[in-house]
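Visitor: Mind looking over this structure? Questions follow.
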Amino acid sequence: MERSRKFFWDGLLLTATALIMRTVGVIFNAYISDKMGESGMGLFALVMSVYSFAVTFATSGINLAATRMTAEAMGRNSQIEIRQAMRRCIVYSLFFGTVGGVGLWLGADFFGGVLMGDARTVPSLRLLSFGLPFLSVSAALNGYFTAVRRVIKNAACQFFEQICKIALTVLGFALFLPRGLEYGCIALVGASMFGECASFLLAFILYLHDLHKHNRKDGAPGVHLTGALCRIALPVAVSAYFRSGLVTAEHMAIPWGLRQFGSSPDAALATYGVIQGMVLPVVLYPSAFLNAFSSLLVPEFAQEIAAGRRRRTEHIATKAIGATLLFSIGIAGIMMGYADGLGMAIYKSTEAGFYIRLLGALVPIMYLDGVVDGMLKGMGYQFYSMVVNIIDALLSLVMVLVLVPRMGVYGYIITIFVAEILNYSLSIVKLLVHLQIDLRLVARVVKPILAIIGATTVCHILGSIFPINIWLQMSLCLVVYVIFLLCTFALTHSDIRWFSGIVSKGRMPAFYRKRTRVYHIFY
């Protein structure tokens, strides 16, 4: 019971943090797009596509390794092993972060001038290279904080980084943006780099304080920790190298494909910027509710598997998938129903609203894939995830090269759908092979779809009668959706108890409990 409460409150804190961060991020993106325009967003997205590959190399699976090794040491009640494991994780992250930074600096001309064909990206890439060692160590420290359930320290680091980034960006735009998009991009990535350095300093101070205050020097020393680190991190790293490299190539190919289709260079960059820099952050924004809990599933599953508690693992997996389906189907319906209003309210762009509606239909698959991936990593199947991610990225690159020059942006949309569905299908099949999960498709899929259709219909009718702004309409739609879930018993008493981490001693009405038990017989 106490672990359930701890899991819930840690997840709630991470969720609140992620929501605030993503809210700020979406508003910040709107500010950037207003200052730099769609072409500027495209230029920045190109820089970040190459930078993401450098980040992948710099971190090389260290976040997962630090989380799992710390969680497993906690399962063995060895504080000494935790310290030994973290020392190895920090050395590992420093090595890969430094090599990644040097590689990005030396390869900036090739990446920006040759592969992307835009020399304006070169100074930004070189500036970003300085922050990679700090970012890599921060990833290891964040993995530690997640494993020891002191997520408030992760939250503090994220807040501090975002505050520094925003303040420095506003200052940088005032000083450099009047000189052109290249200088505006330099100001933006410079602020990001300094924010990462500031976050590292805070994380390292909090880590030293945590070791001194919370972790005693007791328990048995770890055995073969370096080998364990490599077995966990390197398969994830190799997977990430291939996948990130393929994704980077895919992102470079999108503007090229749009130009082959007939778009001008600026128009191709603008379309790419709309989807990558404006639409996807909105589509993925609500996943903050799930990502926090899915990140906690990694140490949770690692501990349960290590302790041999298979039935509890299956129970957690069943509840997590059920909750994700209920949530993601509702979000998908709201996004599709209010896409035009969202595009205008956030970006003043009907084009953004159109793509939000298209990608909104993919929300349940996207969100479920993230949760299932966290479970598989917690169970130790990172090699399988590696293979799936490589297949996904390779297919995406091939489809972009084939479809985008012939179909334009619709070729890219088709690529996103096919790749996401394939990735999720391969992941959920693997999970179902190893765990017995009660999917309850009628209660978890059919009823929520009917409920969100009814909720959006009711709220659109109310919106046509009363002058209700879009934010209030979407909030009301979410409330009506939950009411419909309760009325159809898609959301049960046991679900509510699990969602709240069993923190409430209150009881549901007897009628609802009785009907819930009856419905469980049939669904």
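The values are calculated or read from the model by the stated rules, or taken from the named source; none is laboratory data. Just so it is clear, the structure is predicted and the values come from calculations on it, not from any experiment. All Cβ positions, even for glycine, are placed from backbone atoms using ideal geometry, and neighbour counts span all protein chains on display.
Visitor: What number of residues within region 363-380 satisfy the criterion of being closer than 25 Å to residue 72 by Cβ, hydrophobic (A, V, I, L, M, F, W, C) and over 11 Å from the mean Cα position of the chain (by Cα)?
Guide: Matching residues across region 363-380 total 4.
Visitor: Scan (1) crowded, with 23+ Cβ neighbours inside 10 Å; (2) without any contact (Cβ under 8 Å) to a residue 24 or more places away in the chain for the single condition residue 91 breaks and write down its number.
Guide: (1)
Visitor: Residue 296 - would you say it is closer than 29 Å to residue 332 by Cβ and at pLDDT below 70?
Guide: Against the criterion (closer than 29 Å to residue 332 by Cβ and at pLDDT below 70), residue 296 qualifies.
Visitor: Quick one: which of 110, 130, 134 is within 28 Å of residue 228 (Cα to Cα) and among the aromatic types (Phe, Trp, Tyr)?
Guide: Being within 28 Å of residue 228 (Cα to Cα) and among the aromatic types (Phe, Trp, Tyr) holds for just one of 110, 130, 134, which is 134.
Visitor: Related question: Only one of these conditions is not met by residue 463: (1) over 20 Å from residue 360 (Cβ atoms); (2) modelled with pLDDT under 90; (3) surrounded by 15 or more Cβ atoms within 10 Å (Cβ to Cβ). Which number is it?
Guide: For residue 463, the exception is condition (1).
Visitor: Could you look through region 277-289, keep only residues that are at pLDDT below 80 and of a type outside the set (Phe, Trp, Tyr), and pick out the one that is farthest from the chain's Cα centre (by Cα)?
Guide: 277
Visitor: Taking region 426-447 only, how many residues are in contact (Cβ under 8 Å) with a residue 12 or more places away in the chain and part of a helix (DSSP H, G or I)?
Guide: So the answer is 11.
Visitor: Now for a separate question. In region 338-352, how many are under 21 Å from residue 458 (Cα atoms), among the small types (Gly, Ala, Ser) and either buried (at least 23 other Cβ atoms within 10 Å of the Cβ) or free of Cβ contacts under 8 Å to residues at least 60 places away in the same chain (or both)?
Guide: The total comes to 1.
Visitor: A follow-up question, please. Collect the residues in region 369-385 that are crowded, with 21+ Cβ neighbours inside 10 Å, in contact (Cβ under 8 Å) with a residue 60 or more places away in the chain and in a helix (DSSP H, G or I), keeping them in residue-number order.
Guide: Hits for region 369-385 are 371, 373, 374, 375, 377, 378, 382, 385.
Visitor: May I pose another question? Determine whether region 221-230 contains at least one residue that is of a type outside the set (A, V, I, L, M, F, W, C), farther than 30 Å from residue 274 by Cβ, in contact with an Asp or Glu (Cβ under 7 Å, 6 or more places away or on another chain) and modelled with pLDDT under 80.
Guide: yes
Visitor: Would you mind telling me which numbered condition in (1) crowded, with 18+ Cβ neighbours inside 10 Å; (2) aromatic (Phe, Trp, Tyr); (3) under 20 Å from the mean Cα position of the chain (by Cα) residue 417 fails?
Guide: It is condition (1) that residue 417 fails.
Visitor: All but one of (1) touching a Ser or Thr at 6+ places or on another chain (Cβ under 7 Å); (2) surrounded by 24 or more Cβ atoms within 10 Å (Cβ to Cβ) hold for residue 68; which doesn't?
Guide: Result: residue 68 passes all but (1).
Visitor: Going by the structure shown, is residue 409 crowded, with 18+ Cβ neighbours inside 10 Å, farther than 30 Å from residue 314 by Cβ, in contact (Cβ under 8 Å) with a residue 60 or more places away in the chain and in contact with a Gly (Cβ under 8 Å, 6 or more places away or on another chain)?
Guide: In short, no.
Visitor: If you check 186, 163, which single one turns out to be surrounded by fewer than 19 Cβ atoms within 10 Å (Cβ to Cβ) and aliphatic (A, V, I, L, M)?
Guide: From the options 186, 163, the qualifying one is 163.
Visitor: Within region 137-160, track down each residue that is surrounded by fewer than 23 Cβ atoms within 10 Å (Cβ to Cβ) and at pLDDT 85 or above.
Guide: Scanning region 137-160 gives a single hit, 160.
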